[in-house]
Amino acid sequence: MKVLGVETSCDETAAAVVENGSRIISNVVASQIDIHARYGGVVPEVASRQHLLTIIPVIDRAISEAEVSWQDIDGIAVTYGPGLAGSLLVGVNVAKSIALARQLPITGVNHLEAHIYANWLGPSSSPAPLNLPRDVSFPCLCLIVSGGHSDLVLMQGHGQFEKLGRTRDDAAGEAFDKAARILGLGYPGGPAIEQAAIDGTPCLSLPRAWLKGSRDFSFSGLKTALWHLAEKGGISVADAAASFQLAVIDVLVAKTIEAAKQLKVGQILLSGGVAANKLLTEHFLNSSPVPVLIPPPHLCTDNAAMVAACGYYHFEADRISDYALDVVPSLSLG
Ligand code: KG4
Ligand code: ZN
């Protein structure tokens, strides 16, 4: 089954064709990073206008790069939340229009669920058998760390999620973005902090919010501590970036692994933009007693291949949406 995925929840306009929930046939992402960088963050109104300009060419490219025709597409999966309302509306309405015109089934996908399904995607260049999913087994523990969310989720099976923890304030990616702004580094902050940290050592003392007895996260105290250090002056930006990065990683890794042990899961699945961080993945791989699956960096950040992969499992379970499908900007998981 070939599914067209459409993703416009934030600042990437993306479309992809994925076969059987795992083989990427095409994966097109038009990033708006350069447009928003001058404002230091995503400007919602600008984002939705840009999606409007880009969405049709991006879908056309996904179809042509897949070297398929519309007759080969079996269904459409589109992100309907969470995200920016005006941005989600563009993807959902374009996807519904194509579904109606082509008489294709459509399924609305939760963006957070889609991030998790990036773990099912095989590399587009992988040798045969191409349609086998990666080796995911249930129950597994999912850590979704993106610009808007830091969720710890127990996944019992396809479409079965139980949220165990969440951030009480800033999301991990948001914390990286704010820390980069404090340190005068670029946007988005995650890659900028990671790059700056290469030349530094994590020698500055920054707090970790362990929130004992809870599986929640909190990063705003860490951000404030960094701000106070930067205000005082005299610190090396590289050392500050390295210290901040390690403080975030320490908490994410320790709390996730503790939960994995307590729940006796067989696997940990990382996802979301922050999972593109190399040191985070190294720390997970070095300290987890169970296998850790991590999508390649370009599938951790927003893309439509993960939406199509997730959509495939919706279609398998007959989870088909009707044309009343609407955006839900505050949609959560589990
Ligand atoms: O998943 P994503 O692309 O979009 C959302 O759904 O939010 O995540 C974007 C977030 C941004 O906050 C960005 O700073 C962060 O992921 N990020 C990183 C890295 N690459 C992206 N954080 C840490 N290290 C990275 N290499
Ligand atoms: Zn995302």
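The values are calculated or read from the model by the stated rules, or taken from the named source; none is laboratory data. Please read all numbers here as calculations on a predicted model, not as lab measurements. So basically every Cβ, Gly included, is an ideal-geometry build from the backbone, and we count neighbours across all protein chains shown.
Points worth noting:
- Single match in Ala276, Ala305, Ala242, Ala260 (criterion: within 16 Å of ligand 2 (Cβ to nearest atom) and touching a Pro at 6+ places or on another chain (Cβ under 9 Å)): Ala276
- Considering segment 171-186, the residues that are buried (at least 19 other Cβ atoms within 10 Å of the Cβ) and outside any helix (DSSP H, G or I) include one that is farthest from ligand 1 (Cβ to nearest atom), namely Leu183.
Quick grid of which residues meet (1) polar (S, T, N, Q); (2) within 23 Å of Arg168 (Cα to Cα); (3) in a loop (DSSP other than H, G, I, E, B); (4) free of Cβ contacts under 8 Å to residues at least 60 places away in the same chain:
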position	(1), (2), (3), (4)
Gly200	no, no, yes, yes
Trp210	no, yes, yes, yes
Arg215	no, yes, yes, no
Gly221	no, yes, no, yes
Thr224	yes, yes, no, yes
Gly234	no, no, yes, yes
Ala238	no, no, no, yes
Ile257	no, yes, no, yes
Leu270	no, yes, no, no
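- Of all residues in segment 264-308 being near ligand 1 (Cβ under 10 Å from one of its atoms) and of a type in the set (Gly, Ala, Ser), the one that is nearest to Arg23 (Cα to Cα): Ser271
- Filtered by the rule that a residue be among the hydroxyl-bearing types (Ser, Thr, Tyr) and at pLDDT below 95, segment 23-46 gives Ser31, Tyr39.
- Residue within segment 81-97 that is under 19 Å from the mean Cα position of the chain (by Cα), at pLDDT 95 or above, hydroxyl-bearing (Ser, Thr, Tyr) and more than 12 Å from ligand 1 (Cβ to nearest atom) present: no
- Residue-level check: of (1) touching a helix residue (DSSP H, G or I) at 6+ places or on another chain (Cβ under 6 Å); (2) in a strand (DSSP E or B); (3) farther than 15 Å from Ala114 by Cα; (4) more than 16 Å from ligand 1 (Cβ to nearest atom), Val18 misses just (3).
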